[in-house]
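Since the structure comes first, as structure tokens, the remarks are kept for the end.
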Amino acid sequence: MVKKLTKSKPAKATGAQLSGSVRDSAQQIWQAGLGALSKAQAEGTKAIEALVKEGTTLQRKTQAAAEEKISEATSKMSNMATDITSKATGQWDKLESIFEDRVAKALNKLGVPSAKDINALVARIDELNKSVQKLSAKAASTPKVAAKTAAKPTAKAPKVADSAAKPTIKPATKRAVARKVKVVADTAQA
């Protein structure tokens with residue numbers, strides 16, 4: 001589309017012909033530039049769209065890889081936390097057991113009864129209460145025997161009855177036992 005300039009004889013070229021051919025050349029250059037710009041805009045849009053598609057694909061791939069790495073790291077940290085927690089719990093249980101054993105030994109050396117001893121005493125007291133109730137029930141069911149024993153005056157009978165009704169425990173011993181029972185009860189609750 002570019003017109004080829006024909007060589008004319010230099011001597012016959014006039015100023016009007018020369019300016020016309022320069023103007024034609026300038027116009028052709030201008031039109032070529034506009035065509036190049038139009039073509040660059042059309043192909044530039046296509047190139048930008050292609051780059052956007054490639055960028056979107058790359059972004060998806062990198063996000064998937066990052067999420068995978070994050071989930072791996074999260075699971076590793078979770079496993080580590082679980083392991084540390086279980087080890088700490090095991091050590092704490094051992095420490096607690098050792099502490100309880102040492103406290104029990106110290107209390108035993110001081111003469112403080114253990115929870116096991118207190119439970120045995122409570123069981124014995126319950127058995128004695130049951131026996132007393134059985135004997136009381138038998139005594140109530142046989143009034144003749146009770147009347148005969150009540151009719152016989154004996155000098156020792158009131159002492160036996162009084163001693164059976166009231167055990168002779170010194171007040172100092174009562175306080176010591178009460179203190180020991182309280183310490184054991186507090187220890188058992190802790």
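The values are calculated or read from the model by the stated rules, or taken from the named source; none is laboratory data. Everything quoted here is computed from the prediction, not taken from an experiment. As a convention, Cβ positions derive from the backbone with ideal geometry for all residues, glycine included, and neighbour counts pool all protein chains shown. Heads up: the accessible areas ignore ligands, DNA and RNA and are worked out on the full protein's heavy atoms, side chains in. Shrake-Rupley method; radii C 1.70, N 1.55, O 1.52, S 1.80 Å.
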Beyond 13 Å, the calculated P(r) of region 58-104 holds a percent of Cα-Cα pairs equal to 69
In Å², nearest 10: area of VAL103 left accessible to a 1.4 Å probe = 50
What is the distance, in nm, between label points placed 7 Å from the Cα along the Cα-to-Cβ direction at ASP24 and at ALA50?
-> 3.9
Beyond 21 Å (Cα-Cα) in this structure, taken from LYS134/LYS180; LYS105/LYS180; LYS116/LYS180; LYS109/LYS182; LYS130/LYS180; LYS130/LYS182, we find LYS134/LYS180; LYS130/LYS180; LYS130/LYS182
